[in-house]
């Protein structure tokens, strides 16, 4: 799911409720969920809202901000220099 919208339009609410729906209704394993936000602040807010809504499942959800996700991908694919 990709959500593109302006500030204050409810993106975080939509993402949090969609994740809760996938976990509770569709029985998706939390370790198969990746939530990516653009900023660290948004990542913290998303984590807090997920914790309120789904509780114990939140620890098993991969949740990163965009730059951390890119850095992790680059680190995983780069070779070491001699």
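The values are calculated or read from the model by the stated rules, or taken from the named source; none is laboratory data. These numbers come from a predicted model, not from an experiment. Please note: Cβ atoms are built from the backbone with ideal geometry, for glycine as well, and neighbour counts cover all protein chains shown.
Cβ separations smaller than 7 Å between residues 6+ apart or across chains give the following pairs from the range 42-64 residues that are touching a residue at least 12 places away in the same chain (Cβ under 8 Å) to residues that are assigned to a strand (DSSP E or B) and surrounded by fewer than 13 Cβ atoms within 10 Å (Cβ to Cβ): 62/34. For the range 38-48, the tally of residues that are over 11 Å from the mean Cα position of the chain (by Cα) and closer than 11 Å to residue 13 by Cα stands at 0. If you check 76, 5, 35, 71 for being modelled with pLDDT under 90 and within 10 Å of the chain's Cα centre (by Cα), only one passes: 35. Filter the range 14-24 for residues that are modelled with pLDDT of 90 or more and either loosely packed, with under 11 Cβ neighbours inside 10 Å or touching a strand residue (DSSP E or B) at 6+ places or on another chain (Cβ under 9 Å) (or both) and give the result. Once the filter is applied, which keeps residues that are modelled with pLDDT of 90 or more and either loosely packed, with under 11 Cβ neighbours inside 10 Å or touching a strand residue (DSSP E or B) at 6+ places or on another chain (Cβ under 9 Å) (or both), the range 14-24 yields 16, 19.
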